[in-house]
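So the structure is just underneath, and the comments pick up after that.
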Amino acid sequence: MKRAAIIWMLATAILCGVGPAGGPRTGALVVAGGGDLPEAIVKKFIELAGGVDSPVVVIPTAGESAGYSAGWKGADFLRKAGCKQVTVLHTQSRTEADSLPFVAPLRKAKGVWFPGGRQWRLVDSYLHTRTQRELEKVLERGGVIGGTSAGATIQGSYLVRGAREGNTVMMAPGYEAGFGYLRNVAVDQHLIKRRREKDLEAVIVAHPELLGIGIDEGTAIIVQGDVLEVMGASKVAIYEAGKPYYFLPALERFDLRTRQRVR
């Protein structure tokens, strides 16, 4: 059986499961909608990782380059914010991603950040590998996983815009399974900036068990347990089956499990 077919079957099994939406049982998530990240969001990520002395890993594999140096400038936003231990980790080889030497930095990491690019590259390299398991252990240890744009969408259980053909395809067989830090959730990004407000509606119609979350640029959700808080310059949209989508402004809190605002 071809690998794409296997991944599609696994994705279908995940999506057919019933249960409420939710966040990580331990640890935290920073899920950002792309564009320029406000300083406050960067500082929040570092705080959740344990401070500037904590080891942090940046995984830029969603990007277009075949290789990234240890001093890759895309990680400078963390270095400039004071982080003293920043490791850039990248491979396009699933065999390498499944190896102990490759995951060594993740085994001591307190924070991991996924920059933007194309989601399918993260799926091809890391889904169902030792790397993915070590990423989950970062959360189990109480650490934080963050990401922006494609690095936000990959954190949902259902992956939108995963098609190799282009990022306008919302549902792509073979590329519908994300890393699942947000359970029964589909995440979209660049929401208002790129006029994508309606795009998640078709996904929720096709998969009514999912909760859809659309995040605009310069904005993030901070997720601890089953509660998210909106942070940044713009808004977050919530999508549920049978209901019109609605927006949460900055500082608003929302319970993923009950699908209710937290007063």
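The values are calculated or read from the model by the stated rules, or taken from the named source; none is laboratory data. A quick note: this is a predicted structure, and the numbers were derived from the prediction, not measured. Note that we place each Cβ from the backbone using ideal geometry, even for glycine, and neighbour counts take in every protein chain shown.
At-a-glance table
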item: Residue check, THR153 buried (at least 24 other Cβ atoms within 10 Å of the Cβ) and of a type in the set (Val, Ile, Thr); result: yes
item: Matching residues, region 63-89, being over 25 Å from GLY51 (Cβ atoms) and of a type outside the set (Ser, Thr, Tyr); result: GLY63, GLU64, ALA66, GLY67
item: Single match in ASN184, ASN167 (criterion: of a type outside the set (Lys, Arg) and either touching a Lys or Arg at 6+ places or on another chain (Cβ under 9 Å) or surrounded by 23 or more Cβ atoms within 10 Å (Cβ to Cβ) (or both)); result: ASN167
item: The one condition in (1) more than 21 Å from LEU48 (Cβ to Cβ); (2) among the aliphatic types (A, V, I, L, M); (3) at pLDDT below 95 that VAL203 fails to fulfil; result: (3)
item: Unmet requirement for ARG141, which otherwise passes all of (1) under 17 Å from the mean Cα position of the chain (by Cα); (2) under 25 Å from GLN224 (Cα atoms); result: (1)
item: Residue match in region 200-223 (condition: surrounded by fewer than 21 Cβ atoms within 10 Å (Cβ to Cβ), in a strand (DSSP E or B) and either out of contact with any Pro (no Cβ under 8 Å at 6 or more places or on another chain) or not acidic (Asp, Glu) (or both)); result: no
item: Number of positions in region 171-199 that are more than 16 Å from the chain's Cα centre (by Cα) and not acidic (Asp, Glu); result: 10
item: Answer residue from region 152-183, given it is without any contact (Cβ under 8 Å) to a residue 60 or more places away in the chain and of a type in the set (Ser, Thr, Tyr) and is nearest to VAL31 (Cα to Cα) among those; result: THR153
item: Subset of region 57-116 [buried (at least 19 other Cβ atoms within 10 Å of the Cβ) and among the basic types (Lys, Arg)]; result: LYS110
